[in-house]
Amino acid sequence: MNKESLASHLPLHVFDEAIFENIVDDLVNKGYSIQLNNLPAFIVDALLRCQATISEEEYKTAGIGRADDFQHATEVRGDEICWITGSTEEGKLWLSWCEALQKYINRTLFMGLFSFESHFACYEPGKFYKRHVDAFRGQSNRVLSLVAYLNNNWSEEEGGALKLYIDENDNEGVTVMPQMGTFVVFLSEQFPHEVLPSTRERHSVAGWYRVNG
């Protein structure tokens, strides 16, 4: 029986508690965790299958701000997104895995994570997302960000790196290439970050854990 079929019968944390523990250790020590090629293969496969069912029309131009403050700002970001609602079995599996991580973090760090939202993101060649933070202090209930990558055989020459900055004064940053199976978790308010332009189409999944209220 493979992992995917096992996953329908056993709790997801059976496979992933070692990964979750690495993430928790990193969050305690650094505030961010870079997991190179460490997203479980059955989750990567599920995301790829889910992505394959999405039509071009379902992708929408991303913007900045929420609700009444929402606006398209192509000078800031150029990706197209499609929200993951759990309407497919593959989408449900991804959201379930993220929920298992949420429960593990709450159990070990008492962060009070309450909900999770996630979308696919596609960057056409040359598109980018300028330096920003996912939550402004005291103005959002996003507390933990997650980004996972779905690009096979990605090389540094193709660009498209995530640059994660330690604080607002950091201009060097940590570079993460968007290679399939790599994912990053970081405190939403604390770490500015940006997506650099690439020479080929770039695919990722972004998500945010929230606290209630």
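The values are calculated or read from the model by the stated rules, or taken from the named source; none is laboratory data. Being a predicted model, the structure only gives us computed values, none of them experimental. Note that each Cβ is placed from the backbone with ideal geometry, even for glycine, and that neighbours are counted across all protein chains shown. The protein model used for the area step is the full one, side chains on, heavy atoms only, and it has no ligands, DNA or RNA in it. Shrake-Rupley method; radii C 1.70, N 1.55, O 1.52, S 1.80 Å.
For residues that are at pLDDT 95 or above, of a type in the set (Gly, Ala, Ser) and not in a strand (DSSP E or B), tally how many sit in the stretch 119-136.
1
I'd like to know if the stretch 23-45 contains one or more residues that are among the hydroxyl-bearing types (Ser, Thr, Tyr), within 15 Å of residue 184 (Cα to Cα) and modelled with pLDDT of 95 or more.
Of the residues in the stretch 23-45, the ones among the hydroxyl-bearing types (Ser, Thr, Tyr) are 32-33.
Those left that are additionally within 15 Å of residue 184 (Cα to Cα): 32-33.
Okay, now just the ones that are also modelled with pLDDT of 95 or more, so 32-33.
Yes, the stretch 23-45 contains at least one residue that is among the hydroxyl-bearing types (Ser, Thr, Tyr), within 15 Å of residue 184 (Cα to Cα) and modelled with pLDDT of 95 or more.
Inspect all residues belonging to the stretch 191-204 and state whether any of them is closer than 22 Å to residue 95 by Cβ, open to solvent by less than 40 Å² (accessible area, probe 1.4 Å) and touching a residue at least 40 places away in the same chain (Cβ under 8 Å).
Filtering the stretch 191-204 for residues closer than 22 Å to residue 95 by Cβ gives 203-204.
In the following step, the residues that additionally are open to solvent by less than 40 Å² (accessible area, probe 1.4 Å) were identified as 203-204.
Imposing the further condition that a residue be touching a residue at least 40 places away in the same chain (Cβ under 8 Å) reduces the set to 203-204.
Within the stretch 191-204, one or more residues are closer than 22 Å to residue 95 by Cβ, open to solvent by less than 40 Å² (accessible area, probe 1.4 Å) and touching a residue at least 40 places away in the same chain (Cβ under 8 Å).
What are the residues in the stretch 41-55 that are assigned to a loop (DSSP other than H, G, I, E, B) and open to solvent by less than 10 Å² (accessible area, probe 1.4 Å), if any?
The first filter runs over the stretch 41-55 and keeps only residues assigned to a loop (DSSP other than H, G, I, E, B), leaving 53-55.
Answer for the stretch 41-55, where residues must be assigned to a loop (DSSP other than H, G, I, E, B) and open to solvent by less than 10 Å² (accessible area, probe 1.4 Å): there is none.
Please determine, by comparing only the residues of the stretch 191-203 that are out of contact with any helix residue (DSSP H, G or I) (no Cβ under 8 Å at 6 or more places or on another chain) and in a loop (DSSP other than H, G, I, E, B), which one is nearest to residue 28 (Cα to Cα).
Going through the stretch 191-203, the residues out of contact with any helix residue (DSSP H, G or I) (no Cβ under 8 Å at 6 or more places or on another chain) turn out to be 191-197, 201-202.
Retained after the next criterion (residues that are in a loop (DSSP other than H, G, I, E, B)): 191-192, 196-197, 201.
Working: 191: 14, 192: 18, 196: 28, 197: 31, 201: 34 Å.
Going through the qualifying residues, I end up with 191.
Given the structure, is residue 145 out of contact with any helix residue (DSSP H, G or I) (no Cβ under 9 Å at 6 or more places or on another chain), within 18 Å of residue 116 (Cα to Cα) and not charged (D, E, K, R)? Step through it out loud before you land on a result.
Working: out of contact with any helix residue (DSSP H, G or I) (no Cβ under 9 Å at 6 or more places or on another chain): yes; within 18 Å of residue 116 (Cα to Cα): yes; not charged (D, E, K, R): yes.
So residue 145 passes the test.
Can you name the condition, by its number, that residue 110 falls short on among (1) at pLDDT 95 or above; (2) touching a strand residue (DSSP E or B) at 6+ places or on another chain (Cβ under 8 Å)?
(2)
Identify, from the list 67, 73, 62, the residue that is crowded, with 18+ Cβ neighbours inside 10 Å and modelled with pLDDT under 90.
Numbers: 67 fails: crowded, with 18+ Cβ neighbours inside 10 Å; 73 fails: crowded, with 18+ Cβ neighbours inside 10 Å.
Within the list 67, 73, 62, the selection yields 62.
Under the condition of being of a type in the set (Ser, Thr, Tyr) and outside any strand (DSSP E or B), which residue from the stretch 157-190 is surrounded by the most Cβ atoms within 10 Å (Cβ to Cβ)?
Our first condition is that a residue be of a type in the set (Ser, Thr, Tyr); within the stretch 157-190, this holds for 165, 175, 182, 188.
Still in the list and also outside any strand (DSSP E or B): 165, 182, 188.
On the way: 165: 18, 182: 22, 188: 20.
Restricting to residues being of a type in the set (Ser, Thr, Tyr) and outside any strand (DSSP E or B), the top hit is 182.
Could you grab me the full set of residues in the stretch 98-118 that are among the aliphatic types (A, V, I, L, M), surrounded by 15 or more Cβ atoms within 10 Å (Cβ to Cβ) and in a helix (DSSP H, G or I)?
Narrowing the stretch 98-118 to residues among the aliphatic types (A, V, I, L, M): 100-101, 105, 109, 111, 113.
Imposing the further condition that a residue be surrounded by 15 or more Cβ atoms within 10 Å (Cβ to Cβ) reduces the set to 100-101, 105, 111, 113.
Within the stretch 98-118, 100, 101, 105 qualify.
Condition test on residue 144, is it modelled with pLDDT of 95 or more, part of a strand (DSSP E or B) and surrounded by 17 or more Cβ atoms within 10 Å (Cβ to Cβ)? Don't jump to the end; show me each part of the working.
Numbers: modelled with pLDDT of 95 or more: yes; part of a strand (DSSP E or B): yes; surrounded by 17 or more Cβ atoms within 10 Å (Cβ to Cβ): yes.
Yes: the conditions hold for residue 144.
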